[in-house]
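> Okay, here's the structure, questions in a sec.
The values are calculated or read from the model by the stated rules, or taken from the named source; none is laboratory data. This is a predicted model, so every value here is computed, not measured. Glycine gets a Cβ as well: all are built from the backbone with ideal geometry, and neighbour counts include every protein chain shown. Areas reflect the complete protein model, heavy atoms only, side chains present, ligands, DNA and RNA absent. Shrake-Rupley method; radii C 1.70, N 1.55, O 1.52, S 1.80 Å.
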Amino acid sequence: MATTLTITDQRTKRGYEMPIRDGAIRAMELRAIKEDASDFGILSYDPAFLNTASCRSAITFIDGGRGILRYRGYPIDELAKHSSFLEVAYLLITGELPTATELDGWTADITSHTMLHENTKKFMDGFHHDAHPMGILVSTLAALSTFYPDARQVGDPESRALQIRRLIGKVPTIAAFAYRHRLGYPYVYPDNDLGYAGNFLAMMFRMREARYEPDPVLERALEVLFILHADHEQNCSANVMRSIGSSLADPFVASAGAAAALYGPLHGGANEQVLRMLRDIGDLRSVPRYIESVKQGERKLMGFGHRVYKEYDPRAKILKAIADQVFEVTGRNPLLDLALEVERIALEDPYFVDRHLYPNVDFYSGLIYEAMGFPTDAFTVLFAIPRMTGWLAQWQEMLLDDEQKIARPRQLYVGHDRRPYVPIAGRAAMTRERQGVPMGG
Ligand code: ACO
């Protein structure tokens with residue numbers, strides 16, 4: 001079996017052998033291909049990283065063509081069926097599922113970091129009452145960097161382990177405080193006797209009751225949602241986490257950057273957009289017209305399509321089943337019928353079939369969140385809570401990888417060649433000339 005790629009440079013007629021490893025050639029090998037000694041060598045050009053592996057990773061495996069997703073080798077559906085979120089978090093961070101003793105220790109560790117410094121609350125109070133919870137989350141994560149200057153010791157394994165526990169422990173508390181701030185409700189402190197998802201529900205929804213008892217079906221549904229969202233290999237926000245982390249910035253500011261990337265409507269912000277889209281569509285009769293406008297390029301069908309999955313997103317399949325369980329408790333979300341109709345029509349339409357556009361994880365998650373009582377603009381925060389674990393696993397792996405350096409892509413410069421400086425008095429005439437206005441005009 002060939003283990004090399006042979007390239008012939010037609011400019012020089014020279015041949016090059018490039019080793020193929022794990023189905024890839026190293027882009028740096030291309031630099032040897034030069035016209036002459038003064039030539040920089042060939043670059044690979046790949047806007048938006050469509051065909052570039054930026055790292056070797058042992059965390060998450062996706063086969064987008066076959067709809068497969070595994071964390072550390074374990075299929076996502078088995079983890080969703082049998083594990084708790086903190087078990088999965090341990091798996092992602094350490095590489096192995098915990099024993100019962102390890103899980104107890106890990107759970108105690110994480111829950112001992114759920115509190116926020118009181119000054120954080122004051123800081124959060126400064127946000128306007130209608131501030132988007134993602135804006136609050138991004139800013140508060142960055143602000144935590146100032147509370148934990150020890151987090152800058154990114155080369156120290158003990159410090160790294162501590163920051164990982166702090167961030168996994170604190171992110172639900174920040175998310176819940178952001179929500180309560182918006183409603184003007186008093187903040188609810190963590191209840192460490194509850195599980196990770198149950199405690200989050202309590203911090204969100206507890207009112208005057210002495211103790212909040214989460215509904216077990218809803219608590220388990222949220223736990224599964226957290227598991228499904230925990231990591232997704234080199235997605236936009238994980239790439240930002242690695243990129244910021246590669247400058248050796250601390251994980252609080254790096255995860256603030258990752259959360260900012262998640263906020264965008266093409267990434268984690270899509271779950272919020274799906275609900276807005278379904279409300280816009282309004283009724284079943286309007287679905288075909290809406291799909292037609294998508295096909296005309298007037299808008300995108302939110303919650304559809306994926307850079308990697310060219311098959312049904314395996315997470316969306318699990319979510320459809322979870323939706324039924326949740327709706328048995330909360331009552332059926334009336335938008336579900338609209339979502340099912342959108343999916344039915346889209347999956348039969350050649351526009352979507354030919355482009356391999358299927359529902360992604362965001363298509364059904366918003367309907368479940370809404371039925372559980374979460375406001376629409378909190379949906380992306382619900383994504384960020386579990387994804388924090390994935391970001392941290394990716395960050396740690398990047399720091400421990402000897403091959404990684406500061407992330408710094410190249411560019412193909414397509415701007416002006418050297419040109420003479422124009423003094424300010426001459427610029428108006430130049431602008432007119434550029435716009436084709438006659439000099440006297
Ligand atoms: N609706 C309509 N057409 C679509 C959609 C969509 N949701 N997604 C892709 N297409 C079309 C594109 O217009 C393009 O068509 P063309 O070949 O005629 O130009 C073709 O399908 C290929 O799409 P790309 O944009 O090249 O795919 P890319 O991998 O760059 O984008 C993305 C992936 C951003 C997820 C895209 O599918 C999209 O915008 N989806 C809607 C937003 C969304 O749901 N995002 C959540 C993703 S999952 C997550 O981040 C957790």
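> Picking from I345, T376, V308, whose Cα lies most toward the positive end of the charge dipole for the range 276-381 (charges on Cβ: Lys, Arg +1; Asp, Glu -1)?
Going by the Cα projections, it comes out as V308.
> Per residue and in cubic angstrom, what volume does the convex hull of the Cα atoms of the range 6-136 have?
251 Å³
> May I ask you to derive the relative contact order of the range 41-110, considering only C-alpha pairs under 8 Å and at least 6 residues apart, and to give it as an integer percent?
18 percent
> So what's the range 214-313 giving for Rg/Rh, alpha carbon basis, Kirkwood Rh from the mean inverse pair distance?
The Rg/Rh ratio comes out at 1.07.
> Considering the dipole of the chain built from charges on the beta carbon (Lys and Arg +1, Asp and Glu -1) around the Cα centre, which of P334, F226, G23 is farthest to its positive end?
So the residue we want is G23.
> Let me ask something else. Going Cα to Cα from K310, which aspartates and glutamates come in below 17 Å? Please leave out same-chain ones fewer than 8 positions away.
D63, E233, E343, E348, D349, D354, D362
> While we're on this one: Could you pull out every one of the lysines with an alpha carbon less than 16 Å from that of K295, ignoring same-chain neighbours closer than 8 positions?
none
> Further, regarding this structure: Within 11 Å, Cβ to Cβ, of P334, how many net charges do the neighbouring residues add up to if Lys/Arg are +1 and Asp/Glu are -1?
-1
> Rank R31, R72, R289 by mean-square fluctuation in a GNM of the chain with C-alpha springs under 10 angstrom and give only the top-ranked residue.
R31
> Once you charge only the Cβ atoms, +1 for Lys and Arg and -1 for Asp and Glu, what is the size of the charge dipole of the chain about its Cα centre, to the nearest 20 debye?
Dipole size: approximately 1620 debye.
> How many nm separate the modelled label positions at I68 and R21, each set 7 Å beyond the Cα in the direction of the Cβ?
2.3 nm
> Still on this model: Which residues in the range 47-73 place their backbone N less than 13 Å from a point set 7 Å from the Cα of K310 along the Cα-to-Cβ direction?
Backbone N within reach: 51, 63-67.
> Per residue, what volume in Å³ does the convex hull of the Cα atoms of the range 337-441 enclose?
Expressed per residue, the convex hull around the Cα atoms of the range 337-441 is 347 Å³.
> Please arrange K300, K170, K405 by accessible surface area, largest first, computed with a 1.4 Å probe and ligands excluded.
Ranked list, largest accessible area first: K405, K300, K170.
> What FRET efficiency comes out for the pair Q435/R31, r = Cβ-Cβ distance, R0 = 56 Å, nearest 0.05?
Rounded to the nearest 0.05, the efficiency is 0.85.
> Enumerate the aspartates and glutamates that K13 could reach by cross-link, defined here as Cα to Cα under 19 Å, with residues fewer than 8 away along the same chain left out.
E29, E35, D36, D39
> With an 8 Å cut-off on Cα pairs and a minimum separation of 6 or more residues, tell me the relative contact order of the range 4-44 in percent.
Once normalised by length, the contact order is 28 percent.
> Please compute the length gained on full extension between L50 and K121, using 0.36 nm multiplied by the number of residues separating them and subtracting their Cα-Cα distance. List each step's numbers first, then the result.
Numbers: separation 71, 0.36 × 71 = 25.56 nm, distance 4.13 nm.
Once the chain is fully extended between L50 and K121, it gains 21.4 nm.
> Ordering T146, T60 by accessible area with a probe of 1.4 Å, largest first, what comes out?
T146, T60
> Taking every pair of alpha-carbon atoms in the range 113-260, give the share separated by more than 21 Å as a whole percent. Walk me through the intermediate numbers first.
Values: 5164 of 10878 pairs.
In whole percent, the long-distance tail amounts to 47.
> S54: accessible area at probe 1.4 Å, nearest 10 Å²?
Taking all protein chains as shown, S54 has close to 60 Å².
> What's the local net charge at I42, with K and R +1, D and E -1, over the other residues with C-beta under 14 Å away?
Cβ neighbours under 14 Å give a net charge of 0.
> Scan the range 210-298 for GluC sites (Glu not before Pro) in coil per DSSP, keeping those whose Cβ has at most 16 other Cβ atoms within 10 Å, and list them by number.
When the GluC sites (Glu not before Pro) of the range 210-298 are filtered for loop state and at most 16 Cβ neighbours within 10 Å, E298 remain.
> Positive end of the dipole of the chain, charges at C-beta (+1 Lys, Arg; -1 Asp, Glu), about the Cα centre: which of L137, F40, Y189 has its Cα farthest in that direction?
Final value for the positive-end residue is F40.
> Leaving ligands and nucleic acids out of the surface, order C55, C236 by accessible area at 1.4 Å, largest first.
C236, C55
> Roughly how many whole Å is it from the C-alpha centroid of the range 151-204 to that of the range 237-259?
Their Cα centres are 18 Å away from one another.
> Then there is this: Can you send over the carbon and sulfur percentage of the accessible area for the chain, probe radius 1.4 Å, protein chains only?
Of all accessible area on the chain, carbon and sulfur atoms account for 54 percent.
> With a 1.4 Å probe and every protein chain left in place, work out the accessible area per residue of the chain in Å², rounded to a whole number.
So the chain comes to 51 Å² accessible per residue, rounded to a whole number.
> Along the three principal axes, how long is the chain when you take its alpha carbons, biggest first, rounded to the nearest angstrom?
77, 61, 57
> Report the relative contact order of the chain, percent, no decimals, based on alpha-carbon pairs under 8 angstrom and at least 6 residues apart.
18 percent
> Taking the Cα centre of the range 282-334 as origin and charging only Cβ (+1 Lys, Arg; -1 Asp, Glu), how large is the dipole, in debye to the nearest 20?
In total the dipole reaches around 220 debye.
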